[in-house]
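Report on the following structure.
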Amino acid sequence: MNSFNKWFLSSASNGLENYHQFMTEAVKIVETHYKSLGKPYEHIDTCDIQKNIKKHVKFENEGKSSDAVLTSMQHLVMDHSLHISHPGAMAHLHCPPMIPALAAEVIISALNQSMDSWDQSPVATYIEDGVIQEMIKEIDYPNDASGVFTSGGTQSNYMALLLARNEYCSNHFSINVSKQGLPMEAKKLRIFCSEKAHFTVQQSAAQLGLGMDSVVSIKTNERYEICTDALDEEIAKVKQQGNLPFAVVATIGTTDFGSIDSLGKICKLTDRENIWLHADAAYGGALLFSNQYSHLISHLKKADSITMDFHKWFYQPVSCGAFFVKNTSSFEHIQLHADYLNPEEDTHLHLVDRSIQTTKRFDALKVWMTFQTVGKQEFGDMIDHTIKMAKQTADYLQKRTDIEALNNPVMNAIVFRYLPKVIYTDNQEQKLYENDINQSILQLLYEQGQLIMAKTKFEGKSYLKLTMLNPLITFDETVNRLDEVINLGKELEKKEEQLRERSVIGSF
């Protein structure tokens, strides 16, 4: 028997036994850890992490037993990782993964399908396309719409602007950018998005050779949505300057506030001006399945392209996103044919024809297994529960005098800050003090590991943020955790007052 058999999946008994042993031990480690998981994070200093890495992360000549390796992994990785499945982890758009999707990951890794050409993934190719078609039905896109799985919103937003740019150049300059490169007029191309849009709009413009200066930032209204009147004015101004508006990016769920730009109003402008409308629904796309709030994105179908992240509010393991286009012919702008991969005369479906990736994971299996086991109704209930918890929490914060709640959540993101009682006569000094105390609250709670929040800034002021994606979050537990925020703020205030008193006494 080949001595290598034990390291690979095959019909060889030693390989299957080794696979079973590794998988069983790995599952046991996860089960044991979560059985006693009391908080989302057990703090460890960065210097200690680096010492552990230096000690354990080595390539050695001789291998070790699975027990030794997995025990080392448990202490190195499990003990001090951020456990986002815990309800106290409420920092980023980083969701707890659902169990059916975790099971799918086992199959995905074992099969190791490469989702570029049909012959490397004969069934997986059509499952991905089937999941895309199901999502297209939910969006209410036309029959000739299409899509592809991506690594996430960064890739999807990039693809949207890539297709929009190439289509504009084809229609207005008869230039095939893929073959001929950008025309001289490309320096005049302009993209529009709100000041709260994701940073990948600027990043994509930079990578597409248009430059970040090609992105026109539009102010937002009191709900942190793009101001459509201002958008209309900026489009007119750009045209008067001799520049060329070619794309508008609407955000369906901003990172900080969860605000939803009005696609119904924006599409009237983009239709009138013949501008590509992209909807970045990386966060808010899950509202399609909400039983109470799906009307908030009823105009999603009007976008020419859509970004959607399943590893945000769809509870899928990272990474898992998708990109959709209203007209499948748009993918022609990025298609290249290789005789060994996707020859032009081949009639099979090759997903590389829709993607800027070649090798790509079989992530669609996770989404398929999740909806097969959970169903749309219960999934929608989860979405609605998180919104309900966020609204109740925001109401609680807005009634307090020691908290400033910045937004009334549309989805499940809450931005707020602790308001100290101390008042400085100097406004700048007051702002710096308030910023410092909120940043200290964030850091100290992170180190305690009970509540993991995010931070952001608004008008130069530091704020804390809860992203309440987890359906296991309850209102009572959240209030208890927020009480910790308030109590810690009061403790920090008291210490600051004592320091100032000592400073005054010391000056005499």
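The values are calculated or read from the model by the stated rules, or taken from the named source; none is laboratory data. Keep in mind the model is a prediction, meaning the values are calculated, not measured. Every residue, glycine among them, receives a Cβ derived from its backbone with ideal geometry; neighbour counts consider all protein chains shown. When the accessible area is computed, the model is the full protein with side chains, heavy atoms only, and any ligands, DNA or RNA have been set aside. Shrake-Rupley method; radii C 1.70, N 1.55, O 1.52, S 1.80 Å.
Some observations on this one:
- Sites Phe199 and Lys64 - FRET efficiency at Förster radius 45 Å, r taken between beta-carbons, to 0.05: 0.60
- Structure-based [θ]222 nm, the chain - -39500 (n - 2.57) summed over DSSP H runs of at least 4, per residue, nearest 500: -14500 deg cm²/dmol
- A straight chain from Lys54 to Glu17 at 0.36 nm per residue would run longer than the Cα-Cα distance by 10.2 nm.
- About the centre of its Cα atoms, the range 67-137 shows a dipole size close to 240 debye [charges on the beta carbon of Lys, Arg (+1) and Asp, Glu (-1) only; nearest 20 debye].
- Label reach from Thr359 (point 7 Å along Cα→C-beta): in the range 112-128, amide nitrogens under 19 Å belong to 112-122, 124-125.
- Bridge orientation summary for the range 218-326: considering DSSP beta bridges with both residues in this region, about 45 percent are antiparallel.
- In this structure the amide hydrogen of Leu189, modeled in the peptide plane, comes within under 5 Å of the amide hydrogens of Leu244, none closer than 5 places in sequence on its chain.
- Probing with 1.4 Å while keeping every protein chain in the model, the per residue accessible area of the chain equals 50 Å².
- Farthest toward positive dipole pole in the chain [+1 Lys/Arg, -1 Asp/Glu at C-beta], among Asn18, Cys227, Ala279: Cys227
- Extension gain for the segment Leu76 to Ser114, taken as residue separation times 0.36 nm less the Cα-Cα distance, is 10.6 nm to one decimal.
- Solvent-free Debye scattering, log10 I(q)/I(0), computed from the Cα coordinates of the range 192-279 at q = 0.18 Å⁻¹: -0.74
- Gain upon complete extension [Lys35, Asn480; 0.36 nm per residue less C-alpha separation]: 158.0 nm
- Paramagnetic label zone (point 7 Å from Cα along Cα-to-C-beta, Phe173; backbone N under 16 Å) in the range 219-244: 242-244
- Residues whose amide H comes within less than 5 Å of that of Thr150, counting only those at least five positions distant or on another chain, are Gly321, Ala322, Phe323 (H built at 1.01 Å from N in the peptide plane).
- Computed from backbone phi, the HN-Hα couplings of the range 135-149 come to 5, 4, 5, 5, 5, 6, 6, x, 4, 8, 6, 8, x, 7, 6 Hz, rounded to whole numbers (Karplus: 6.51 cos²θ - 1.76 cosθ + 1.60, θ = phi - 60°; Gly and Pro given as x).
- Cα convex hull, the range 89-235: 190 Å³ per residue, rounded to a whole number.
- Convex hull volume per residue for the chain, taking Cα atoms only, in Å³: 205
- The charge dipole of the range 306-416, taken about its Cα centre with unit charges on the Cβ of Lys, Arg, Asp and Glu (plus for the first two, minus for the last two), comes to roughly 560 debye.
- Beta bridge orientation in the chain: antiparallel %, DSSP, nearest 5: 55
- Projecting the Cα positions of Thr393, Tyr424, Leu472 onto the charge dipole of the range 350-507 (unit charges on Cβ atoms of Lys, Arg, Asp and Glu, taken about the Cα centre) puts Leu472 furthest along the positive direction.
- In this simple spin-label model, placing a label point 7 Å from the Cα along the Cα-to-Cβ direction at both Val422 and Glu344 gives a separation of 7.2 nm.
- Taking the three principal axes of the alpha carbon atoms in the range 281-390, the coordinate ranges are 53, 29, 20 Å, sorted in descending order.
- Note, ³J(HN,Hα) from phi for the range 95-111, Karplus 6.51, -1.76, 1.60, rounded to Hz, x at Gly and Pro: 8, x, x, 7, 4, x, 5, 5, 5, 4, 4, 4, 5, 4, 5, 5, 6
- Members of Lys326/Lys366; Lys239/Lys268; Lys219/Lys239; Lys455/Lys490; Lys35/Lys455; Lys179/Lys301 lying beyond 21 Å, as alpha-carbon distances in this model show: Lys326/Lys366; Lys35/Lys455; Lys179/Lys301
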